[in-house]
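Each remark here refers to the structure printed beneath this line.
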Amino acid sequence: MSNTSTYPLRLPRSVKLAVEKLAKEEGVSLNQFVATAVAEKLTAINTANFFADRKSRADFEAFRRILTREGGQLPREDDELPI
């Protein structure tokens, strides 16, 4: 059983020519180029949705209290990042 399916894709000629050129420059097939582009777009959308969901659950008032709280210790003299 195959993990792939087919989908007839209609592209404007100018887009298809540009994609063919880029795919050739990348050394991949047109199909592989389009599949990778779709996967990248899905990843970008999923990442944006992830952060939007996290933002909607954030407690900004608690965050502000943490940032402005009293106390703590000043950094030690040797508490530095290496250069």
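The values are calculated or read from the model by the stated rules, or taken from the named source; none is laboratory data. The structure presented is a predicted model; accordingly, all values stated were derived computationally and were not measured. Every residue, glycine as well, gets a Cβ built from its backbone with ideal geometry; the counts of neighbours run over all protein chains shown.
The table below gives the values:
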read-out: Residue match in the range 48-63 (condition: among the basic types (K, R), within 15 Å of L9 (Cβ to Cβ) and modelled with pLDDT of 95 or more); value: no
read-out: Helices (runs of 4 or more DSSP H) completely within the chain that count 1 or more residues being touching a residue at least 12 places away in the same chain (Cβ under 8 Å); value: 13-26, 30-56
